[in-house]
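Below is one structure, written out as structure tokens, with a few remarks after it.
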Amino acid sequence: MDDVGSVVAFWMLSVMTLGAAVMVVAVRNLIYAVLFLILSFIGVAGLYLTLSADFVAIAQVLIYAGAVSVLILFAVLLTPRAARDNAETFLQVPGLVLATLVAVTIGAIALVTDWNEATRGAFPETAGAIGEALLDKYVLPFEIASVILLAAMIGAIVLVRED
Amino acid sequence: MSVELGHYLMVGAILFSIGLYVALAKRNAVGILMGIELMFNAVNLTLISFSRFVSPPTDVSGHVFVVFVITVAAAEAALALALAVVVYRNRETIDIDRINLMRW
């Protein structure tokens, strides 16, 4: 990807995604943290678009920025007397050290390894190919996924139901 | 100047470690779940970048895998948040420092 538009889009979306993720850590109100999380999800969807993954980008906006973040907001609002200060436990310093080590390790591996990159262009469009793959090669995982969703739906209803 | 596979992998690594820190260090159970979602996003971004830069042009297996990960993540989020609401009903808090029933 050499054209100026993709490069500018990549850097802007990366800064937006990572900056919003840092704000999830830094901001001192849980509601604002959820809003920054949504911004981070939308940034990731934009990065998918720069990778020419149109179907996954739309799924990301629908499911993460739409459904999951609304679920998280519901959970925050259904726990009104819980602490909303987005504070840390005693694991703050060990967690920071461990996260830095993980970032350095994965980053070093990503840069050192020869990934055997193929020089090729972008996908023309992916929705049709994904649909064919889902109903042809991956039809069994597709059916199992529907069972998982049904089980999760029934489980959530049974857990939260008041009786 | 161009954007290569390594750039996307670095963004994924940094996003994953931010999510790891959130999941480890936040006190609110919903905050921990937010960290887990950030880690899911980092992994999905890495999968899509490998699908774009490494696998052959007609192969969309990486995309299909990401679709399945998103499905399982949505189911997991619904169940985890239901659990948080149930814990709140029983104990009036979702502060993980105060959910210490099984501590010896």
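Nothing in this text is a laboratory measurement; each read-out follows from the coordinates by a stated rule. A quick note: this is a predicted structure, and the numbers were derived from the prediction, not measured. Ideal geometry is used to build each Cβ from the backbone, glycine not excepted, and the neighbour counts take in all protein chains shown.
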Just counting partner chain Cβ atoms within 10 Å, what average do the residues of peptide A:105-112 show around their Cβ? 5
R0 = 22 Å: FRET efficiency of B:Met102 with A:Ile31, Cβ-based, nearest 0.05? 0.15
Evaluate peptide A:89-100: per residue, the Cβ atoms of other protein chains within 10 Å of its Cβ; return the mean as an integer. 5
Contour minus Cα-Cα distance for A:Val97 and A:Leu49 (0.36 nm per residue): 14.0 nm
Gaussian network model of chain A, Cα within-10 Å springs - most flexible of A:Ala82, A:Ala26, A:Ala45: A:Ala82
What ranking, highest mean first, results for peptides A:37-44, A:48-55 when packing means the other Cβ atoms within 10 Å averaged over each residue? A:37-44, A:48-55
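Summarise the partner chain shielding of A:26-36 as one whole number: the mean count of Cβ atoms from other chains within 10 Å of each residue's Cβ. Display every interim value, and only then the final one.
Working: counts 0, 0, 0, 0, 5, 0, 0, 6, 3, 0, 1.
The per-residue average across the peptide is 1.
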Computed [θ] at 222 nm, deg cm²/dmol, chain A (DSSP H ≥ 4; -39,500 (n - 2.57); rounded to nearest 500): -22500 deg cm²/dmol
Under a 10 Å cutoff between Cα atoms, tell me which one of B:Asn28, B:Asn44, B:Asn90 has the largest fluctuation in the Gaussian network model of chain B. B:Asn90
Chain B: Kirkwood hydrodynamic radius (Cα pairs, Å) comes out at 15.7 Å
Could you compute the FRET efficiency for A:Val139 and A:Met23, with r as their C-beta to C-beta distance and R0 at 35 Å, rounded to 0.05? 0.25
Volume of the Cα convex hull of chain A, divided per residue and given in Å³: 177 Å³
Please name which of A:Ala65, B:Ala29, B:Phe65 has its Cα lying farthest along the dipole of the protein assembly as shown towards the positive end, using unit charges on Cβ (Lys, Arg +1; Asp, Glu -1) and the Cα centre as origin. B:Ala29
In range of the label at A:Arg81: residues from the range A:9-38 whose backbone nitrogen is under 11 Å from the point 7 Å along Cα→Cβ: none
Lys and Arg at +1, Asp and Glu at -1: add these up for the other residues within a Cβ distance under 13 Å of A:Thr89 and post the number. -1
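Apply 1/(1 + (r/R0)^6) to the Cβ-Cβ distance of B:Thr58 and A:Val147, taking R0 = 30 Å, and write down the FRET efficiency to the nearest 0.05.
According to the calculation, E is roughly 0.50.
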Under the 0.36 nm per residue contour assumption, what length would be gained going from the current alpha-carbon distance of A:Thr105 and A:Thr89 to full extension? 3.3 nm
Between Rg and the Kirkwood Rh of the range A:123-163, both from Cα atoms, what is the Rg to Rh ratio? 1.28
